[in-house]
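These notes are about the structure you will find just below.
The values are calculated or read from the model by the stated rules, or taken from the named source; none is laboratory data. Source: prediction; values computed, not measured. Heads up, the Cβs are rebuilt from the backbone with ideal geometry, glycines too, and the neighbour counts pull from every protein chain shown.
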Amino acid sequence: MTDIPYKIYLEESEMPSSWYNLRADMKNKPAPLLNPGTGKPMTAEELGGVFCDELVAQELDDTTPYIEIPEEIRSFYKMYRPSPLVRAYCLEEKLQTPAKIYYKFEGNNTSGSHKLNSAIAQAYYAKKQGLKGVTTETGAGQWGTALSMACAYLGLDCRVYMVKISYEQKPFRREVMRTYGASVTPSPSMNTEVGRKILAEHPGTTGSLGCAISEAVEDAVTHEGYRYVLGSVLNQVLLHQSVIGLETKAAMDKYGIKPDIIIGCAGGGSNLGGLISPFMGEKLRGEADYRFIAVEPASCPSFTRGTFAYDFCDTGMICPLAKMYTIGSSYIPAPNHAGGLRFHGMSPVLSQLYHDGFMEAVAVKQTDVFEAAEYFARCEGILPAPESSHAILAAINEAKKCKETGEEKTILFGLTGTGYFDMVAYEKFHDGGMTNYIPTDEEIAAAVAKLPKVAE
Ligand SMILES: *Cc1c(COP(=O)(O)O)cnc(C)c1O
């Protein structure tokens with residue numbers, strides 16, 4: 001099949017004009033967000049105090065299958081999309097596998113990841129509502145960078161709470177955000193009540209996404225004209241990220257390619273949810289079958305070792321409760337974990353699909369992830385983000401299985417971004433200083449025991 005090019009690009013005119021809302025095709029809908037005070041589903045009005053109105057409508061919409069992408073967002077997408085679907089001929093050759101491997105590369109923009117797809121959408125709706133600005137958290141820094149780019153483009157103020165360990169380890173990430181005009185605060189900070197409380201309870205903590213979310217939410221709700229935006233986990237983010245899957249499906253259909261296995265790394269689930277959405281839609285409607293594999297770090301194993309239950313999205317316990325696979329919002333991932341994907345929970349959409357048996361999950365160790373990253377970089381050329389490299393590792397493992405069995409399977413994976421800002425982690429790996437932290441059953445049980453009690 002040498003007639004398949006190394007890179008399949010769509011024409012601009014072939015780019016999707018609507019996002020696809022996978023929830024419309026789910027028989028078991030994701031459980032609603034609950035108000036932690038009352039235990040009742042969050043109303044649009046309650047959510048509107050934290051999030052932009054139009055994003056609240058998208059968050060709560062479980063029935064509309066296609067939602068039009070506003071013209072302004074489509075124009076912005078055209079600056080860096082369509083993203084290429086790449087046939088990994090060199091990787092196949094190096095692995096000597098009969099498998100055909102494809103990856104959808106989302107790293108071709110300055111933020112270096114897929115997060116810009118949702119950042120521009122969220123900033124657009126904030127602007128449309130006449131807000132002054134938005135607040136958010138960022139872990140590894142990609143989301144904060146993407147949001148600062150989107151806010152600069154639209155002239156919105158952007159306040160980023162950056163997990164302290166990343167703030168210290170990734171000074172250049174921070175400077176990119178400041179270049180785009182964002183203010184960046186290491187979290188936990190003394191700026192917020194919740195930050196001061198976390199610092200008092202855990203002096204010297206290097207922070208977590210959960211802490212930073214609490215601070216960003218508090219900042220938004222205590223300042224007029226500000227709302228909070230989130231780069232993953234939420235239904236609206238998966239909706240925006242469906243552009244990844246829709247483009248992939250269109251590119252594959254052009255060449256009559258049908259993937260057997262679709263793989264993505266899973267932090268909060270947005271890239272995976274976006275990549276699989278049109279394929280999963282076909283599976284849910286009984287039109288086609290695919291294997292879907294979520295790849296998560298062994299140090300933060302929400303799918304493979306977590307519990308499907310209501311939990312807080314943040315450590316400060318001020319956000320709504322989401323029903324998801326979680327290892328407990330009080331779990332603070334080990335600081336030696338460099339590879340991103342450190343969130344304790346998982347998208348409620350993906351959690352429901354996993355619970356219903358439509359998806360598989362594997363957990364992988366970070367030294368194996370970096371080994372796969374380096375292997376990939378040396379043949380395919382792209383320097384992958386550590387997060388993306390979780391998917392690379394799983395794709396390589398599946399391709400190796402094909403070599404053993406002689407099966408010519410078609411494997412598709414999401415290459416979510418580049419790793420230029422992760423060189424401290426690469427350095428650690430090269431110097432042999434990288435370790436694998438795997439939580440004990442007792443640690444996870446202790447965090448899960450603190451899950452909020454919810455009558456369902
Ligand atoms: C944020 C990020 C991820 C993980 O987030 P998801 O919401 O699970 O997609 C993966 N890869 C890169 C490059 C990221 O920036």
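Here are some notes:
- Residues satisfying the stated conditions in the range 27-61, i.e. of a type in the set (S, T, N, Q) and over 16 Å from CYS319 (Cβ atoms): ASN28, GLN58
- Screening the range 382-399 for residues that are assigned to a helix (DSSP H, G or I) and among the aliphatic types (A, V, I, L, M) and picking the one that is surrounded by the fewest Cβ atoms within 10 Å (Cβ to Cβ) gives ALA399.
- Count - residues of the range 110-130 that are among the basic types (Lys, Arg) and near the ligand (Cβ under 10 Å from one of its atoms): 1
- Annotation: of all residues in the range 383-417 being closer than 19 Å to THR248 by Cα and of a type in the set (Val, Ile, Thr), the one that is nearest to the chain's Cα centre (by Cα) is THR416.
- Inter-residue pairs, beta-carbon under 8 Å, first over 26 Å from VAL176 (Cα atoms) and in the range 411-434, second within 13 Å of the ligand (Cβ to nearest atom) and of a type in the set (Val, Ile, Thr), 6+ apart: ILE411/ILE263; LEU412/ILE263; PHE413/ILE263; PHE413/ILE392
- When the range 196-218 is filtered for residues that are among the charged types (D, E, K, R) and surrounded by 24 or more Cβ atoms within 10 Å (Cβ to Cβ), only GLU215 remains.
- Scanning the range 427-434 turns up one or more residues that are in the same structural domain as GLY107 (by TED's automatic domain parsing), assigned to a helix (DSSP H, G or I) and either surrounded by 14 or more Cβ atoms within 10 Å (Cβ to Cβ) or within 16 Å of the ligand (Cβ to nearest atom) (or both).
- Within the span defined as the range 369-376, every residue fails to be surrounded by fewer than 22 Cβ atoms within 10 Å (Cβ to Cβ), within 19 Å of the chain's Cα centre (by Cα) and more than 14 Å from the ligand (Cβ to nearest atom).
- Checking each residue in the range 256-279 for being under 19 Å from LYS323 (Cβ atoms) and either of a type in the set (Gly, Ala, Ser) or more than 9 Å from the ligand (Cβ to nearest atom) (or both) picks out ALA266, GLY267, GLY268, GLY269, SER270, GLY273.
Table: residues versus (1) in contact with a strand residue (DSSP E or B) (Cβ under 9 Å, 6 or more places away or on another chain); (2) within 24 Å of ALA99 (Cβ to Cβ); (3) touching a residue at least 40 places away in the same chain (Cβ under 8 Å).
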| position | (1), (2), (3) |
| --- | --- |
| PHE343 | no, no, yes |
| LEU350 | yes, no, yes |
| GLN366 | yes, no, yes |
| ALA373 | yes, yes, yes |
| PHE376 | yes, yes, yes |
| GLU380 | yes, yes, yes |
| ALA385 | yes, yes, yes |
| SER388 | yes, yes, yes |
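- Highlighted here are the strands (runs of 3 or more DSSP E) found entirely within the range 96-181 that include at least 3 residues which are in the same structural domain as VAL50 (by TED's automatic domain parsing) and in contact (Cβ under 8 Å) with a residue 24 or more places away in the chain: 133-138, 157-163.
- Residue count for the range 246-280, restricted to those that are at pLDDT 95 or above and within 17 Å of VAL295 (Cα to Cα): 17.
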